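**Student:** Below you will find the structure I want to go over with you.
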Amino acid sequence: MIIVVPGANHALTSSDVRTAITSMADDDSSSKCPMTVVVQLEIKPEVALEALKVAKEVGATTIFNPAPAPEGWELDADFYKYSDIVIPNETELRSLCRGEESVETDDEEAMARTLFARGVSKAVIVTLGARGAMVVSKCDDVSGGTSTEFVCAPPELPCNSDPVVDTVGAGDSFCGSLSAYLSAGLSLGEAATKACGVASMSVRKRGAQSSYPSAAELPDALKVTAASAEVAMAEK
């Protein structure tokens, strides 16, 4: 059972996030990579949406994790409009696509593609638990098409032989680490692969935040070297 006590999360205001994001943007102005802002629904929806809007204003990459999934209410269409990347799990994806008569709810790739028509600008990444993640990206050309890539944790991770003991927080660890890898300059596919690895490490320990590895605890397969970051940046 997961018990959520909103506390400070629901005390956060639109003014708070606007001040924080614009301040971070000023501090980040000399960075080679754009700032990344990650938003989910554990704060009030209107505050989450404001965070995405302000992030777009300052040129940040915006990532929206629709968790917890809306129940009994419809997500404002602007959430898609202001999101570069949306990261739902399988359950959240079905919740977002309720009422989409053109797709079957067991066709995850088709459901993911419908979110581009709503305004998502770059990619939809569906986390698939032990199966890794599905990355559906918009093509860079004028065709308007999409490409799909399935990724999973690197096979050489030392933790792969350990039992899974607690999956709470795995999605959060994926979103957070994906953002960090993108900010380091990695491609979306490589970032998603390494993020699967971080999430895989987290489920081998009990707890949510306490299960997340620190940078020093990452095995070589999940580390970002200066050389790999420079290569990724050069390819963009």
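**Student:** Could you name the aspartates and glutamates in cross-link range of LYS44, using Cα to Cα under 18 Å and dropping any fewer than eight places away on the same chain?
**Tutor:** Qualifying aspartates and glutamates at Cα under 18 Å: ASP16, GLU71, GLU74, ASP76, ASP78, GLU92, ASP172.
**Student:** To continue, here is another question. Under 12 Å from the Cβ of PRO213, count the other residues' Cβ atoms, weight Lys and Arg +1, Asp and Glu -1, and hand me the total.
**Tutor:** Details: positive: LYS194, ARG204, LYS205, LYS223; negative: GLU217.
Charge balance in the 12 Å sphere: +3.
**Student:** Right, something else. Report the charge-dipole magnitude of the chain in Debye, nearest 20, computed about the Cα centre from +1 at each Lys and Arg Cβ and -1 at each Asp and Glu Cβ.
**Tutor:** Charge dipole, the chain, about its Cα centre: 340 debye, nearest 20.
**Student:** Could you give the dipole magnitude of region 54-194 about its Cα centre, charging the beta-carbon of Lys and Arg +1 and that of Asp and Glu -1, in debye to the nearest 20? Present the calculation step by step, with values, prior to reporting the outcome.
**Tutor:** On the way: 10 positive and 23 negative charges, 72 e Å.
Using only the charged Cβ atoms, the result is roughly 340 debye.
**Student:** For region 30-116, which GluC sites (Glu not before Pro) are both in a DSSP coil and crowded by at most 11 other Cβ atoms within 10 Å? Could the numbers behind the result be given before it?
**Tutor:** Numbers: sites: GLU42, GLU46, GLU50, GLU57, GLU71, GLU74, GLU90, GLU92, GLU100, GLU101, GLU104, GLU108, GLU109; in loops: GLU42, GLU71, GLU74, GLU100, GLU101, GLU104.
Passing both the DSSP loop test and the Cβ count: GLU71, GLU74, GLU101, GLU104.
**Student:** Kindly provide the chymotrypsin sites (Phe, Trp or Tyr not before Pro) of region 47-92 that DSSP labels as loop, not H, G, I, E or B, and whose Cβ sees at most 15 other Cβ atoms within 10 Å.
**Tutor:** Qualifying residues, ordered by number: TRP73.
**Student:** Continuing with the same structure: Is the shape of region 42-159 rounded, prolate or oblate, going by the alpha carbon gyration tensor and its root eigenvalues a ≥ b ≥ c, with a/c under 1.5 for rounded and a/b larger than b/c for prolate?
**Tutor:** Rounded is the answer for region 42-159, as its axis ratio a/c remains below 1.5.
**Student:** Largest first and to the nearest Å, give the Cα extent of region 90-236 along each principal axis.
**Tutor:** 45, 38, 22
**Student:** Over the chain, what is the relative contact order in percent, taking alpha-carbon pairs closer than 8 angstrom and at least six residues apart? Can you show the working numbers first?
**Tutor:** Numbers: 373 pairs, mean separation 30.9, N = 236.
Computed over the chain, the figure is 13 percent.
**Student:** If you don't mind, another one. Over 22 Å between C-alpha atoms is what I'm after, so list which of LYS56/LYS223; LYS56/LYS122; LYS53/LYS194; LYS122/LYS205; LYS122/LYS223 land there.
**Tutor:** LYS56/LYS223; LYS53/LYS194; LYS122/LYS205; LYS122/LYS223
**Student:** Please report the carbon-and-sulfur percent of the accessible area for the chain; probe 1.4 Å, protein heavy atoms only, DNA, RNA and ligands left out.
**Tutor:** Its accessible area is 53 percent carbon and sulfur atoms.
**Student:** For SER147 and HIS10 in one chain, what is 0.36 nm times their gap in residues minus the Cα-Cα distance, to one decimal in nm?
**Tutor:** 45.6 nm
**Student:** Continuing with the same structure: Filter the trypsin sites (Lys or Arg not before Pro) in region 60-99 to those in DSSP coil with at most 16 other Cβ atoms within 10 Å of their Cβ, and list the result.
**Tutor:** Sparse-neighbourhood loop trypsin sites (Lys or Arg not before Pro): ARG98.
**Student:** Right, here's the next one. Which net charge results for the neighbourhood of THR193, defined as the other residues with beta-carbon distances under 15 angstrom from its beta-carbon, given Lys and Arg at +1 and Asp and Glu at -1?
**Tutor:** Details: positive: ARG131, LYS194, LYS223; negative: GLU149, GLU156, GLU190, ASP220.
Overall, the nearby charge balance is -1.
The values are calculated or read from the model by the stated rules, or taken from the named source; none is laboratory data. If you're wondering where the values come from, they're calculated on a predicted model, not measured in any experiment. Cβ sites come from the backbone with ideal geometry, for glycine too, and all protein chains shown count toward neighbours. SASA here: full protein model, heavy atoms, side chains in, ligands and nucleic acids out. Shrake-Rupley method; radii C 1.70, N 1.55, O 1.52, S 1.80 Å.
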